[in-house]
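The values are calculated or read from the model by the stated rules, or taken from the named source; none is laboratory data. Note that the coordinates shown come from a computational prediction; the quantities given were computed from them, not determined experimentally. Backbone-built Cβ (ideal geometry, glycine too); neighbour counts: all protein chains shown.
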């Protein structure tokens with residue numbers, strides 16, 4: 001048995017069988033490009049697999065060494081990968097600059113950090129393991145652009161529609177391109193170093209040869225904008241890096257913007273951090289103690305058992321302990337099934353996160369139903385669950401050696417839970433206003449009751465809704 005066969009045998013013991021079979025088939029027979037920076041959501045869609053089970057399978061595969069997990073910082077504008085690392089701990093800059101878009105972006109975990117998986121060279125060697133050997137078109141597809149850019153199969157033809165000229169320039173080499181500039185805005189761009197020069201080509205055409213020089217250095221530096229006239233250009237290029245570069249002249253028009261505008265869902269850092277399998281496998285490996293990473297939108301769900309102290313007195317310590325453990329087991333299963341993750345337990349209370357309000361609301365309704373079923377089986381109202389939900393921005397941090405969250409959104413969610421009585425679910429306005437959450441309420445024929453509430457530690461009154 002080969003090493004990869006042995007690893008897949010282990011993977012089958014911890015991950016969904018259909019997902020493992022699809023991954024194994026891909027490793028054995030898929031084209032190289034399909035095993036570089038795998039978009040897990042797209043993989044699940046193409047193979048008809050459950051998203052959460054597919055994410056879990058790839059996470060287990062990465063932990064076993066079948067795949068390499070990478071965290072990629074993306075440009076929201078062009079979808080280019082600005083930086084990549086095997087750990088989220090390297091995302092420590094206040095701003096990342098995209099030379100192609102001439103913009104700086106403050107990193108957030110929502111849409112600016114993608115998580116992808118590349119097959120390990122121990123399992124199968126692919127071209128992308130040596131990116132400087134990739135043809136120009138495949139370098140753009142597999143290395144420069146993120147897995148969220150929906151690139152056509154005929155990417156070479158699409159690039160040709162707005163490319164004036166391009167060249168492959170080995171380390172230490174020089175070259176000259178002789179081109180005719182069109183009356184358009186032109187970009188000289190290299191996807192390897194991200195070096196960029198903007199040419200604002202306008203005015204009367206000229207027959208005189210214009211000249212321009214570009215030197216590619218290991219340090220990324222913008223070249224700014226140069227005004228030129230339509231007509232001949234002698235472009236001198238020098239590569240002072242230790243890698244080959246791939247400079248090209250692009251017309252920044254509708255064809256380029258049309259290519260960059262086609263996107264598809266991808267696995268974000270936010271979604272992975274709120275994935276139960278990820279939290280179970282990676283635990284404290286995610287963030288440095290001093291890191292503070294922003295998430296613009298995350299949904300928090302808090303639960304607590306009403307009268308748990310009286311429960312111990314009423315039924316005895318052993319029975320109460322078993323009941324509380326059963327309640328935790330049910331809640332963990334529900335959270336994981338709704339694409340959430342349990343962040344921590346505090347006594348008999350649970351703090352969980354979800355990528356969207358609708359998943360949190362669906363989880364809350366399932367939790368309440370599960371507690372009612374347990375109570376009905378016992379013939380008593382022993383487990384009375386109070387639930388609160390709120391959505392908003394927060395910081396991902398490390399507290400007490402575990403990945404946690406900090407901010408006012410967390411505080412409000414906890415306080416909202418405190419308003420709930422037995423069986424009640426209290427949610428805030430952002431949850432109610434979420435279109436998908438509204439559909440769940442409509443389907444369940446639930447009519448929330450609005451009220452204004454003073455939350456401890458919050459200066460202004462908060463609009464909350466009780467879901468009966």
message = Scan segment 173-185 and tell me whether some residue there is more than 32 Å from the chain's Cα centre (by Cα) and under 19 Å from residue 258 (Cα atoms).
response = yes
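Could you tell me whether any residue of segment 256-271 is in a loop (DSSP other than H, G, I, E, B), on the phi > 0 side of the Ramachandran plot, surrounded by fewer than 21 Cβ atoms within 10 Å (Cβ to Cβ) and touching a residue at least 24 places away in the same chain (Cβ under 8 Å)?
First pass over segment 256-271, keeping only residues in a loop (DSSP other than H, G, I, E, B): 261-262, 264-267.
From what's left, on the phi > 0 side of the Ramachandran plot: none.
The answer is no, given that none of the residues of segment 256-271 is in a loop (DSSP other than H, G, I, E, B), on the phi > 0 side of the Ramachandran plot, surrounded by fewer than 21 Cβ atoms within 10 Å (Cβ to Cβ) and touching a residue at least 24 places away in the same chain (Cβ under 8 Å).
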remark   = Across segment 351-385, the tally of residues that are at pLDDT below 95 and surrounded by 22 or more Cβ atoms within 10 Å (Cβ to Cβ) stands at 3
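Matching residues to (1) buried (at least 21 other Cβ atoms within 10 Å of the Cβ); (2) in the same structural domain as residue 170 (by TED's automatic domain parsing); (3) free of Cβ contacts under 8 Å to residues at least 40 places away in the same chain; (4) more than 19 Å from the chain's Cα centre (by Cα):
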{"residue": "101", "(1), (2), (3), (4)": "no, no, yes, yes"}
{"residue": "111", "(1), (2), (3), (4)": "no, no, no, no"}
{"residue": "114", "(1), (2), (3), (4)": "yes, no, no, no"}
{"residue": "118", "(1), (2), (3), (4)": "no, no, no, no"}
{"residue": "139", "(1), (2), (3), (4)": "yes, no, no, yes"}
{"residue": "147", "(1), (2), (3), (4)": "yes, no, no, no"}
{"residue": "155", "(1), (2), (3), (4)": "no, no, yes, yes"}
Residues that are within 30 Å of residue 382 (Cβ to Cβ) and within 23 Å of the chain's Cα centre (by Cα), drawn from segment 414-436 = 431
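When segment 226-255 is examined, which residues are found to be in contact with a strand residue (DSSP E or B) (Cβ under 8 Å, 6 or more places away or on another chain) and surrounded by fewer than 13 Cβ atoms within 10 Å (Cβ to Cβ)?
Answer for segment 226-255, where residues must be in contact with a strand residue (DSSP E or B) (Cβ under 8 Å, 6 or more places away or on another chain) and surrounded by fewer than 13 Cβ atoms within 10 Å (Cβ to Cβ): just 227.
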query = Could we say that residue 218 is surrounded by fewer than 16 Cβ atoms within 10 Å (Cβ to Cβ), under 31 Å from the mean Cα position of the chain (by Cα), outside the structural domain of residue 292 (by TED's automatic domain parsing) and farther than 30 Å from residue 58 by Cβ here?
reply = yes
query = Which residue out of 61, 21, 57, 44 is over 30 Å from residue 108 (Cα atoms) and in a helix (DSSP H, G or I)?
reply = 21
Hits in segment 429-459 (condition: within 19 Å of residue 409 (Cα to Cα), at pLDDT 95 or above and surrounded by 14 or more Cβ atoms within 10 Å (Cβ to Cβ)) = 429, 430, 431, 432, 434, 437
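Tell me the residue from 165, 132 that is part of a strand (DSSP E or B) and touching a residue at least 60 places away in the same chain (Cβ under 8 Å), please.
165
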key: Residue satisfying condition, being buried (at least 18 other Cβ atoms within 10 Å of the Cβ) and over 23 Å from residue 262 (Cβ atoms), within set 21, 62   = 62
query = Out of all the residues in segment 27-67, which are closer than 23 Å to residue 137 by Cβ and in contact with a helix residue (DSSP H, G or I) (Cβ under 8 Å, 6 or more places away or on another chain)?
reply = 32, 33, 34, 35, 36, 37, 38, 43
query = Any residue in segment 79-86 that is more than 21 Å from residue 337 (Cα to Cα), within 16 Å of the chain's Cα centre (by Cα), part of a loop (DSSP other than H, G, I, E, B) and at pLDDT below 95?
reply = yes
message = Just to be sure before I move on: is residue 125 at pLDDT 95 or above, under 30 Å from residue 66 (Cα atoms) and either in a loop (DSSP other than H, G, I, E, B) or out of contact with any helix residue (DSSP H, G or I) (no Cβ under 9 Å at 6 or more places or on another chain) (or both) in the structure I sent?
response = yes
remark   = In segment 97-122, anything assigned to a strand (DSSP E or B) and farther than 21 Å from residue 69 by Cα is listed as 97, 98, 103, 104, 105
message = As an exercise: evaluate residue 462 against (1) in contact (Cβ under 8 Å) with a residue 60 or more places away in the chain; (2) surrounded by 13 or more Cβ atoms within 10 Å (Cβ to Cβ); (3) farther than 24 Å from residue 372 by Cβ and give the number of the one condition it does not meet.
response = (1)
ask   = Does residue 415 fit the bill of being assigned by TED's automatic domain parsing to the domain that holds residue 447, in a loop (DSSP other than H, G, I, E, B) and buried (at least 17 other Cβ atoms within 10 Å of the Cβ)?
value = no
